[in-house]
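The next block holds one structure in the form of structure tokens; read it before the comments.
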Amino acid sequence: MMKMPDGGITMPERVQLARKTAVGAREHQSGQVTMDPDEGYTMGYDSNTEMKWKLVLLARPGVAWIESQVKFQWLDTDGKKGEHFFDFRVLMADGQRVAIMVKSEYRRNQPKVQDELAEIAARVPRSFADQVVVMTERDIDPVEYFNAEMMHEMRRPDPDADAGARRLLGEIVGAVRIQDLVDAIGLGPRGFRAVVRLLRSHELELTLNVRITHEAYVRRSMSK
């Protein structure tokens, strides 16, 4: 939901998926994630692990777009049709596409499941994806997830604070403590959130793989 200048609101558009997510299922967590700074659209998820991976992928540099529940179909040698829904297909900034299966670590370690996933991956042509990977809860870096969740929570723009933070970008030489940037912006917590948004847009980057805090050090992104 986004507030309009006239006081009205606009609801986010729900992305149409090839397979509906089981919202309200009792056996596992399901729900929706509202995306973009302007709350432009929502995308469903079918598990807690899937939700976490969605936030992590969205926060990673080099990720241009994410599709959810992408249908892949094939024809067996005996003429029978097969299909699989990939949890994500990620478009990278360099044009590469990665098809992702999200599973629990328990299921990934089952030989029968491993054989099934390997068989599906072997059928995927380059026209559908350049790479197929399996991701589980054990693959999630807790620091990366903490930061991705914070970036998502603080994604909404604050024009004055964002302008103040961006003005400082040209003055940054080497590493600087986030609290020092917040002090220079002069807007308290609003300044901290503005710095987080610069990390989200990859104009700044952390110098170490640490949680985003006032004491963490950042620098201008090497990839910008």
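Looking across segment 203-224, the residues that are within 22 Å of residue 140 (Cβ to Cβ) and touching a helix residue (DSSP H, G or I) at 6+ places or on another chain (Cβ under 9 Å) come down to 205, 206, 209, 210, 211, 212, 213, 216. Consider residue 157 against the criteria (1) at pLDDT below 95; (2) not assigned by TED's automatic domain parsing to the domain that holds residue 214; (3) not in a helix (DSSP H, G or I): it satisfies all of them except one. Which criterion is unmet? Answer for residue 157: the failing condition is (2). Only a single item in (1) within 30 Å of residue 105 (Cβ to Cβ); (2) in contact (Cβ under 8 Å) with a residue 24 or more places away in the chain; (3) under 19 Å from the mean Cα position of the chain (by Cα) is not met by residue 153, and it is number (2). For segment 76-99, a residue qualifies if it is farther than 18 Å from residue 51 by Cβ, modelled with pLDDT of 95 or more and basic (Lys, Arg), and exactly one does: 97. Can you confirm whether segment 54-61 contains a residue that is of a type in the set (Lys, Arg), closer than 27 Å to residue 193 by Cβ and either modelled with pLDDT of 55 or more or not in a strand (DSSP E or B) (or both)? Yes, some residue in segment 54-61 is of a type in the set (Lys, Arg), closer than 27 Å to residue 193 by Cβ and either modelled with pLDDT of 55 or more or not in a strand (DSSP E or B) (or both). Scan segment 167-184 and give yes if some residue there is touching a Leu at 6+ places or on another chain (Cβ under 9 Å) and assigned to a loop (DSSP other than H, G, I, E, B), otherwise no. Yes - at least one qualifying residue is present in segment 167-184. On the stretch given as segment 59-107, residues that are surrounded by 16 or more Cβ atoms within 10 Å (Cβ to Cβ), among the aromatic types (Phe, Trp, Tyr) and under 20 Å from residue 136 (Cα atoms) total 2. Within segment 112-136, being part of a helix (DSSP H, G or I), under 23 Å from residue 92 (Cβ atoms) and not small (Gly, Ala, Ser) holds for 117, 120, 123.
The values are calculated or read from the model by the stated rules, or taken from the named source; none is laboratory data. What you see is a predicted model, and the numbers here were worked out from it, not measured in a lab. Heads up, the Cβs are rebuilt from the backbone with ideal geometry, glycines too, and the neighbour counts pull from every protein chain shown.
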